[in-house]
Amino acid sequence: VLAVSGVIGTWAGPRSPGTAYVMAHHKLGDIGDGPMGTWGFPEGGMGGVTAAMRAAAEQFGATVRTSAEVARIDVRDGRVRGVTLRDGDSYEADVVVATTHPKLTFLEHVERAALPEDFVTAIERWKTRSGTVKVNLALDRLPEFTCKPGFDPEVHGGTIVLAESLDDLEGAFQDAVAGRPAARPFADICIPSVFDPTLAPPGKHVMSMFTQWVPHAYAAAPHAAELEAYADRLVARMEALAPGFTASILGRQIIGPHEMETRFGLVGGNIFHGELSASQLFHMRPAPGYADFTTPVRGLYQASSATHGGGGVTGIPALQVVKRILKDT
Ligand SMILES: Cc1cc2nc3c(=O)[nH]c(=O)nc-3n(C[C@H](O)[C@H](O)[C@H](O)COP(=O)(O)OP(=O)(O)OC[C@H]3O[C@@H](n4cnc5c(N)ncnc54)[C@H](O)[C@@H]3O)c2cc1C
């Protein structure tokens, strides 16, 4: 389980250097109830978090606009002036906070001439590879494991790791390094409908399988057939442990690196907006001289997962950027 925490969302196997940091990153958090390393499940799924944030912001008088793609961050005389949307609407603002992937913010949304060359080079070199595939399943019933028959809240309500050994994990990574999707992918599984009845009709369930690895080059194209075969292998691994599992699947959704990039703006499919490797942490996240949530453009701030405290749903970049803005204004 520790090894899995060290490679989650990471283009590195358990025997690669640096993965101890990724493990620590995943163990540092808490959900406000005391012990470190605990994980929370928001009621209603992850959308519950943004819905709560929206409600809180609106209470303070904010207007929230969604489905509004930013085409350009407007800069004049070294200062941010606002943003222009893809549909042509524009908003003037003295302060803009970008939470998009840094390659989108600084290589697509801000014009190159407004940024120092060394900063642009650092962002161009930013590593954002991934081999993560998310498989979501709708289930007719809970899986019944041969090794632990019946319902057990600690099993069905906990994290189920589909990996047998370090070699098993390393083998999956080495397959992807060699340019093949893993023959035996691993999965970090949870069934949130066990404790959140809003997610599925009574008796039915949703299963989230966070899995690795496919080649990081899969971000460049859909690779739909390969991803279907990859998901079949995951299901077969579950079937071997929980007979009848395959027959319990009502529907499945497979989200590979290409869809993560094109649909969610996760360049390279990297779930953290950039690798959590030693050269991309602390004062280097996302670039030397700009790890304090500022950018080379006055008034333009950054708070994406590619800043210190990210990735993950930590709230740390947001807290820090607000402190920074208050200090500057
Ligand atoms: C499959 C998966 C599983 C994960 N599991 C966990 C987990 O269990 N626990 C955990 O803590 N973290 C997890 N993470 C990581 C976590 O979700 C991210 O680190 C976090 O959501 C990053 O927040 P963010 O605000 O920095 O960026 P994002 O959540 O990526 O938000 C950036 C937003 O910008 C939008 N956007 C992109 N381009 C534009 C544009 N041009 N104009 C306007 N908007 C734009 C995107 O659509 C997106 O909504 C997971 C991530 C993935 C992908």
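A few notes on this one:
- Accessible surface of the stretch 129-269, 1.4 Å probe: 60 percent of it comes from carbon and sulfur atoms.
- Neighbour-limited loop hits for chymotrypsin sites (Phe, Trp or Tyr not before Pro), the stretch 119-183 (at most 11 other Cβ within 10 Å; DSSP other than H, G, I, E, B): PHE151
- Of the residues LEU169, LEU276, LEU137, the one that moves most in a GNM of the chain with alpha-carbon contacts below 10 Å is LEU137.
- Distant-in-sequence amide H partners of LEU250 (H built 1.01 Å from N, under 5 Å): ALA138, LEU139, ASP140
- Backbone HN-Hα couplings from phi across the stretch 79-88 [Karplus 6.51/-1.76/1.60, Hz, Gly and Pro as x]: 10, 6, 10, x, 9, 10, 8, 4, 7, x
- The stretch 38-116: trypsin sites (Lys or Arg not before Pro) falling in loop per DSSP and having at most 11 other Cβ within 10 Å: ARG65, ARG86
- Nitroxide proxy distance, nm - points 7 Å out along Cα→Cβ at GLU92 and LYS127: 4.5
- Between LEU166 and SER16, the distance separating the two model label sites (each 7 Å from Cα on the Cα→Cβ line) works out to 1.7 nm.
- Heavy-atom accessible area ranking, 1.4 Å probe, most first, across LYS327, LYS204: LYS327, LYS204
- Each residue of the stretch 242-257 was assigned a 3J(HN,Hα) from its phi angle through the Karplus expression (A = 6.51, B = -1.76, C = 1.60, θ = phi - 60°), giving 9, x, x, 4, 4, 5, 7, 7, 8, x, 9, 10, 10, 10, x, x Hz with x at Gly and Pro.
- Rounded Å value of the spacing that divides the Cα centres of the stretch 252-286 and the stretch 113-161: 11
- Here the calculated FRET efficiency for THR262 and ALA229, from their Cβ-Cβ distance with R0 = 22 Å, stands at 0.55, rounded to the nearest 0.05.
- Springs join every pair of Cα atoms under 10 Å in this Gaussian network model of the chain, and among ASP168, ASP77, ASP196 the largest mean-square fluctuation is at ASP77.
- Positive-end extreme of charge dipole, the stretch 1-88 - chosen from GLY78, PRO42, ALA3 (charges on Cβ): GLY78
- Charge tally for PRO197 (other residues, Cβ to Cβ under 14 Å; Lys, Arg +1; Asp, Glu -1): -1.
- Label positions at THR159 and ALA51, each projected 7 Å from the Cα along the C-beta direction, are separated by 2.6 nm.
- Along its first, second and third principal axes, ordered by size, the stretch 18-80 spans 45, 34, 20 Å in Cα coordinates.
- Nearest-20 debye value, the stretch 129-269 charge dipole, Cβ charges on Lys, Arg, Asp, Glu: 280
- Cα-based Rg / Dmax (Å) for the stretch 129-269: 15.2, 44
- Amide hydrogen proximity for LEU266: with H placed 1.01 Å from N in the peptide plane, the residues at 5 or more positions away or on another chain lying under 5 Å are GLU261.
- Accessible-area ranking of MET36, MET23, MET209, largest first, probe 1.4 Å: MET36, MET23, MET209
- Taken one residue at a time, the phi angles of the stretch 12-26 give Karplus couplings (6.51, -1.76, 1.60, θ = phi - 60°) of 6, x, x, 9, 7, x, x, 6, 4, 4, 4, 4, 4, 4, 7 Hz. Gly and Pro are set to x.
- Additional length obtainable on full extension of the chain from LEU326 to ARG65, 0.36 nm per residue less Cα span: 91.6 nm
- A straight chain from ASP196 to LEU2 at 0.36 nm per residue would run longer than the Cα-Cα distance by 67.2 nm.
- Helical runs assigned H by DSSP (4 residues or longer) give the chain a calculated mean residue ellipticity at 222 nm of -8000 deg cm²/dmol, each run adding -39500 (n - 2.57) before division by the residue total.
- Against the empirical curve 2.2 N^0.38 Å, the C-alpha radius of gyration of the chain lands at a ratio of 1.06.
- Comparing PHE245, PHE60, PHE264 in a Gaussian network model of the chain where C-alpha atoms under 10 Å apart are linked, the largest mean-square fluctuation is found at PHE60.
- Normalised per residue, the accessible area of the chain is 51 Å², obtained with a 1.4 Å probe and no contribution from ligands, DNA or RNA.
The values are calculated or read from the model by the stated rules, or taken from the named source; none is laboratory data. Just so you know, these numbers come straight off a predicted model, no measurement behind them. Cβ sites come from the backbone with ideal geometry, for glycine too, and all protein chains shown count toward neighbours. The protein model used for the area step is the full one, side chains on, heavy atoms only, and it has no ligands, DNA or RNA in it. Shrake-Rupley method; radii C 1.70, N 1.55, O 1.52, S 1.80 Å.
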